[in-house]
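The values are calculated or read from the model by the stated rules, or taken from the named source; none is laboratory data. All values derive from a computational prediction rather than experimental measurement. Positions of Cβ are backbone-derived with ideal geometry, glycine not excepted, and every protein chain shown enters the neighbour counts. Surface accessibility is based on the protein's heavy atoms, side chains included, excluding ligands, DNA and RNA. Shrake-Rupley method; radii C 1.70, N 1.55, O 1.52, S 1.80 Å.
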Amino acid sequence: MSSPRKVIVIGAGPAGYVCAIRLAQLGQDVTVVEKEYLGGTCLNVGCIPSKAMIAAGSLMHKIGCASAMGITATGVSLDVNKLVEWKAGIVARLTGGIGILLKNHGVPVVMGEATLTGKNTVEVKTKEGTKALKADDIVIATGSIPTEIPGFAFDEDNVWSSTGGLRPKNIPDHLVVIGGGYIGLELGMMYSKLGSKVTVLEATPGALPGQERDCVKVIERSLKKMKIKLLTETFAQGYETKGAKKLVRFKGKTPGNELPTEDTIECDQILSTVGRRPYSAGLGLERAGLAVDERGFLPIDKSMRTKVPNIYAIGDIAGQPMLAHKGSKEGLVAAAVIAGQPEEYDVRCVPAVIFTSPEMAAVGLTEDECKAQGLDYKTGSFPFAASGRAMSLMETEGFVKIIGDAKTDEVLGVHMVGPEVTELVAEAALAIEMGATVEDISRTIHAHPTLPEALMEAAESLHGMAVHIYQKKK
Ligand code: FAD
Ligand code: NAI
């Protein structure tokens, strides 16, 4: 057996800590350097705290709707401090768990900010002073940070970034959200359910740019139902404070008016969520012969190697999509490559899940992408309004749409909007990874009554054979 390689992983988010644990499992000598918190953005100020608070918002909303089931709940109220405390408890349990996992795998953690000083050397500024570390290989997993726009510096008081938005002291009466993407809609809808009036200012012509438009239409309808105002083709310009209120200036298009209109909107709180950018500040890339591309990402090959062969990059710093599970997968690949295994990042799809109301999920190609690639494809779909399980959950909005190759019947893409589709997408991802056909899905017995039956029915509908919706014979 060859002797273990000495590896430094910089950053302990879902890319870095997963890579470090796998390196230890593969017998390598690994050290993690983390400047702020184990678990990174995802566990501390991203995926986990946001989903906890969104679950609380959804519960409040469900209680409000329960009268249709004959359940009357009176005196329902929200203790914001307790909600934030509960969420912090989940974060503490999970991040503590990462610490224990690293310890049990014999991975030392150095808390401090890492700077590359060469191709094999790293300097770490810790509370106790500067430490010099040496390694055969270095894995950069420094993640990303929220983008600021002019006029809206994050002070986490008047203007929240997503981090401030997950630590409210109270629920604002009127929240203005800048950016109608993933975070803007997830948190905007959550605040609406917790009692805020919400206005979303979005620069492009629609919410969630880049997502399947049929699915987004359902979300835009839901925004209307929730009385959330979505102003599209609208750019926030700046704001003034007026006592406790904020006056947000924006330029946009009013319906029927082609010229940009300037206006103001008064609110109690601003949440700015216009994207995230890869984070490499202070990392000393140039000292190791590395540079980021024009978008700030570190270019890598399929082995996760940068142009310096013993330096790897994984997660948000290494490119789109900036999703936790993509980073973790890259971490596993980098670990295997470093351990000398014949591995590369060779995935057919990365599922995306959006915790809006209803939820959205997607995997594989969209119809627009099929068209752009000149593919001959067919689609099938099934509405949750025809699902007994969705009815019993009182969540009948949305549908499952499946895209299959017209000749080979291979599943090309699945797009869903509706109840618990963030869970349903796993089956679709497996189908695409395994090169399954649409018929494979329709031939698989799906337990009844469950939501995944909708995927089976969508698959059957692609062949004109859905049982629980009427399809005219062509
Ligand atoms: P990060 O998680 O950002 O971790 C990087 C780590 O590196 C940090 O801990 C940082 O302190 C450390 N670091 C940086 N520089 C240095 C240095 N020089 N020295 C030492 N340490 C350093 N994704 C999903 O897939 N699903 C979701 O539901 C989801 N929800 C989200 C909700 C919100 C509000 C936000 C903000 C993001 C969400 N994301 C979600 C995105 C997800 O959080 C990121 O894609 C993911 O955290 C990226 O992982 P990473 O390991 O690359 O980086
Ligand atoms: P985003 O890219 O999803 O959305 C940003 C939105 O802001 C876009 O719609 C964009 O058009 C708009 N915008 C940009 N500049 C603007 C301006 N000046 N005025 C008005 N609108 C403007 O970015 P977001 O929501 O900040 O999330 C960052 C990333 O974090 C996501 O892209 C995703 O990778 C990840 N994430 C994933 C989640 C999940 O998987 N469920 C949840 C939250 C975040």
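Is region 167-180 home to any residue that is in contact with a helix residue (DSSP H, G or I) (Cβ under 8 Å, 6 or more places away or on another chain), within 11 Å of ligand 1 (Cβ to nearest atom) and either without any contact (Cβ under 8 Å) to a residue 12 or more places away in the chain or open to solvent by less than 30 Å² (accessible area, probe 1.4 Å) (or both)?
From region 167-180, those in contact with a helix residue (DSSP H, G or I) (Cβ under 8 Å, 6 or more places away or on another chain) are 167-172, 175, 177-178, 180; that's our starting set.
Now narrow it down to the ones that are within 11 Å of ligand 1 (Cβ to nearest atom): none.
No: zero hits.
Tell me whether region 4-13 contains one or more residues that are open to solvent by less than 20 Å² (accessible area, probe 1.4 Å), of a type in the set (A, V, I, L, M, F, W, C) and in a helix (DSSP H, G or I). If you could, list the steps in order and put the result at the bottom.
First pass over region 4-13, keeping only residues open to solvent by less than 20 Å² (accessible area, probe 1.4 Å): 7-13.
Checking the rest, the ones that are also of a type in the set (A, V, I, L, M, F, W, C) come to 7-10, 12.
Adding the requirement that they be in a helix (DSSP H, G or I) leaves none.
No.
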If we only count strands (runs of 3 or more DSSP E) wholly inside region 342-401, which ones have 3 or more residues that are under 26 Å from TYR470 (Cβ atoms)? 377-383
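Of the residues VAL308, VAL292, which is within 22 Å of GLY16 (Cβ to Cβ), surrounded by fewer than 21 Cβ atoms within 10 Å (Cβ to Cβ) and in contact with a Gly (Cβ under 6 Å, 6 or more places away or on another chain)?
On the way: VAL292 fails: in contact with a Gly (Cβ under 6 Å, 6 or more places away or on another chain).
Unique residue meeting the criteria: VAL308.
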Given THR204, THR142, THR147, which one is surrounded by fewer than 17 Cβ atoms within 10 Å (Cβ to Cβ), of a type in the set (S, T, N, Q) and within 16 Å of ligand 1 (Cβ to nearest atom)? THR147
Across region 1-28, which residue is nearest to GLY143 (Cα to Cα) among those that are among the aliphatic types (A, V, I, L, M) and away from ligand 1 (no atom under 16 Å from the Cβ)? ALA24
Run down GLY184, GLY206 and say which single residue is touching an Asp or Glu at 6+ places or on another chain (Cβ under 9 Å) and touching a residue at least 60 places away in the same chain (Cβ under 8 Å). GLY184
Are any residues in region 207-217 under 28 Å from GLU266 (Cβ atoms), modelled with pLDDT of 95 or more and either away from ligand 1 (no atom under 16 Å from the Cβ) or not assigned by TED's automatic domain parsing to the domain that holds GLY188 (or both), and if so, which ones? ALA207
From the residues in region 24-50 that are open to solvent by 60 Å² or more (accessible area, probe 1.4 Å) and in contact (Cβ under 8 Å) with a residue 60 or more places away in the chain, which one is farthest from ligand 2 (Cβ to nearest atom)? GLN25
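Being among the acidic types (Asp, Glu), within 16 Å of ligand 2 (Cβ to nearest atom) and farther than 21 Å from PRO209 by Cβ narrows it down to one residue among GLU266, GLU262, GLU286; which is it?
GLU262
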Considering only residues that are assigned to a loop (DSSP other than H, G, I, E, B) and small (Gly, Ala, Ser), look in region 444-474 and name the one that is nearest to LYS378 (Cα to Cα). GLY464
Under 8 Å between Cβ atoms, at least 6 apart or on separate chains: pull out the pairs that start in region 304-317 with a residue that is on the phi < 0 side of the Ramachandran plot and end on any residue that is within 16 Å of ligand 2 (Cβ to nearest atom) and among the charged types (D, E, K, R). ILE314/GLU330; ASP316/ARG276
Over region 277-289, the set of residues open to solvent by 30 Å² or more (accessible area, probe 1.4 Å) and more than 10 Å from ligand 1 (Cβ to nearest atom) is ARG277, GLU286, ARG287, GLY289
Only one of (1) free of Cβ contacts under 8 Å to residues at least 12 places away in the same chain; (2) within 24 Å of ILE354 (Cβ to Cβ) does not apply to LEU412, and that is (1)
I'd like to check which helices (runs of 4 or more DSSP H) are fully inside region 35-116 and have at least 3 residues that are assigned by TED's automatic domain parsing to the domain that holds MET394 and farther than 30 Å from LYS225 by Cα. none
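Restricting attention to region 312-335, and to residues there that are in a loop (DSSP other than H, G, I, E, B) and surrounded by fewer than 24 Cβ atoms within 10 Å (Cβ to Cβ), which single residue is farthest from ligand 2 (Cβ to nearest atom)?
Within region 312-335, the first condition is being in a loop (DSSP other than H, G, I, E, B), and the residues that meet it are 314, 319-323.
Filter once more, so that each one left must be surrounded by fewer than 24 Cβ atoms within 10 Å (Cβ to Cβ): 319-323.
Details: GLY319: 11, GLN320: 7, PRO321: 6, MET322: 4, LEU323: 5 Å.
The extreme case among them is GLY319.
How many of the residues in region 14-34 are part of a strand (DSSP E or B) and on the phi > 0 side of the Ramachandran plot? Before you say what the answer is, go through the steps one by one.
The initial filter retains those residues of region 14-34 that are part of a strand (DSSP E or B), namely 29-34.
Narrowing further to those that are on the phi > 0 side of the Ramachandran plot: none.
So the answer is 0.
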